[in-house]
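> The structure follows.
The values are calculated or read from the model by the stated rules, or taken from the named source; none is laboratory data. Small disclaimer: the values here were computed from a predicted structure and weren't measured. Cβ coordinates were reconstructed from backbone atoms using ideal geometry, including for glycine residues, and neighbour counts include every protein chain displayed. Just the protein is used for accessible areas: all its heavy atoms, side chains included, with ligands, DNA and RNA removed. Shrake-Rupley method; radii C 1.70, N 1.55, O 1.52, S 1.80 Å.
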Amino acid sequence: MKEKVTLGLIGFGVVGSGTVELLRRHRRDIEDRVGARVELKWICSHSKKESPLIDRTVRQTRNWKTVVSDPEVDCVIELMGGTEPARTVVLTAIRNGKHVVTANKAILSKNWDEIFGLADERHCLVYFEAAVGGGVPVVQALNEGLAGNEITKIVGILNGTTNFILTRMHESGLSFGEALKEAQKAGFAEANPAFDVKGIDAAQKISILGSLAIGQWIPPEQVYCEGISKLRQTDIRLIQDRLHSTIKLLGIAEKIGNAWAFRVHPTLVARTHPFANVRNEYNAIALHGNAAGEVLLYGKGAGRLPTSSAVISDIIFLCRQIANGTAGQLPYVSRLARKRVRIAEMSQIRSRYYLRVTTLDRPGVLANITSILGQHRVSIASVHQDTFEENRSKKSVPIILQTHMTREADMQASVEEINRMKTIRASSVLLRME
Ligand SMILES: NC(=O)c1ccc[n+]([C@@H]2O[C@H](COP(=O)([O-])OP(=O)(O)OC[C@H]3O[C@@H](n4cnc5c(N)ncnc54)[C@H](OP(=O)(O)O)[C@@H]3O)[C@@H](O)[C@H]2O)c1
């Protein structure tokens, strides 16, 4: 048993300062939970910080090497962000026998096997609750709370920026460009928003969550990814008014037979679905376990104190094990796969679909479209001919079809054929439904 656990914090920005604030504010509770004293010895940042949060017991440095090489430090908290030197910081800390807490999704996504391989070898733990879902404790839920389940599906609104944009497009009728500008003004979107709006951030997050569920690393490159920048008000309105649904950017990891499919794309969810009410920058994640059924988590996916709350939870769980001398002595929960899992092609997934076809308003056109769908084994659930004046022109009319469960390959083949019809006036819009 150790009476004191020593921490070294690298990165005193938004999350770093929030973490120190919570460490101070909840010191007694944290130490009660850990069963030992928890001392913050180092704070490292580019520049020396003046802050009431930094008292005389804490030393400051600009050199991260000082922190990771201090023999007294048991646990390094990496909150500097970016890929380098953050990756080197984490690897050096592990090599020096330190356990690590990080909120850094970027280094986990790029260097998972390297980091966890080394951690395994050195009997060190790397905790990362804040890296996915900010303040939503989804990593703990997967690793601990639902450990008695086989997880068969994870579905999440994992990116606050795109959820904010979609909320504004639905609720205020803004175009994608206008909603993006608002998100940037409100501080929810970066000057270069590509990482969020193309779905890359959500892909990195679902790759981490799915990998935890499977027990095998599935890199984000294996996640099928479609962003939200091509969404148009026409579809938003039709989906809202005709289909009583809303569009969300979902990350989905799902077991299909013996394989798993990973995907991120804009998806229709019914107004009665709990995800439909997840607005603005909030996140929500549904975990399907074979024993627990569906478990739903909802909360703030980013922000100073929500993210710091997740970091503190990691610190408590780690420090408790460090104090007891068990940290790194047991097999790590996320490396339990006994056999390699196959990743399914996108063409193999099954979904219901929303299809908007823009066609000349002529007799027989609808029959041709339904005939093509039938030939590809696509069963139609409903058909709407749009009567909104602004969506009609003398020459063309939008037809909206909803399908029953269909194979992606059959749906794509149908759309390709429909787009080749002479009466078609614009490329058809295809969206999946959850
Ligand atoms: N912000 C959120 O809501 C949120 C949510 C989820 C996850 N995260 C993750 O949390 C991590 C931290 O994010 P943040 O928003 O707190 O970032 P931030 O505000 O930019 O803070 C980064 C801190 O790291 C320091 N730093 C960076 N490079 C350094 C280096 N080479 N040497 C020494 N210090 C260095 C900076 O020092 P200076 O201040 O002196 O430049 C700053 O104190 C990131 O991995 C991020 O992805 C953040």
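> Please compute P(r) over all alpha-carbon pairs of the range 243-290, binned at 10 Å starting from zero, and give each bin as a whole-number percent.
Histogramming the range 243-290 at 10 Å steps yields 22, 50, 25, 3 percent.
> Per the Kirkwood treatment, what hydrodynamic radius in Å, one decimal, follows for the chain from the mean inverse distance over all distinct Cα pairs?
Taking every pair of different Cα atoms in the chain, averaging 1/r and inverting gives 23.4 Å.
> Using a 10 Å cut-off on Cβ atoms, rank the peptides 421-428, 36-43, 360-367 from the highest mean neighbour count down.
Per-residue Cβ counts within 10 Å, averaged per peptide and sorted highest first, yield 36-43, 421-428, 360-367.
> Can you list the equivalent-ellipsoid semi-axes of the range 349-433, largest first and in whole Å, using the square root of 5 times each Cα gyration tensor eigenvalue?
Its equivalent ellipsoid spans semi-axes of 21, 13, 11 Å.
> Helix-derived [θ] at 222 nm for the chain: sum -39500 (n - 2.57) over DSSP H runs of at least 4, divide by residue count, nearest 500?
One gets -10500 deg cm²/dmol as the mean residue ellipticity at 222 nm.
> Using the heavy atoms of the protein chains and a 1.4 angstrom probe, tell me the accessible area per residue for the chain in square angstrom.
45 Å²
> Using a 10 Å cut-off on Cβ atoms, rank the peptides 102-110, 264-272 from the highest mean neighbour count down.
102-110, 264-272
> Calculate the length of the line joining the C-alpha centroid of the range 70-110 to that of the range 266-295, in whole Å.
32 Å
> Compute the relative contact order of the range 349-433 as a whole-number percentage, counting only Cα pairs closer than 8 Å that sit 6 or more residues apart in sequence.
Reported relative contact order: 50 percent.
> Kirkwood Rh over Cα pairs of the range 138-300 into Stokes-Einstein at 10 °C, 1.306 mPa s: D in µm²/s?
99 µm²/s
> Test of understanding: what is the full-extension gain from ASP32 to THR66, defined as 0.36 nm times their sequence separation minus their Cα-Cα distance?
So the extension gain works out to 9.3 nm.
> Let me ask another. Using a probe of 1.4 angstrom, how much of the accessible area of the range 78-227 is carbon and sulfur, in percent?
Summing carbon and sulfur atoms, their accessible area is 49 percent of the total for the range 78-227.
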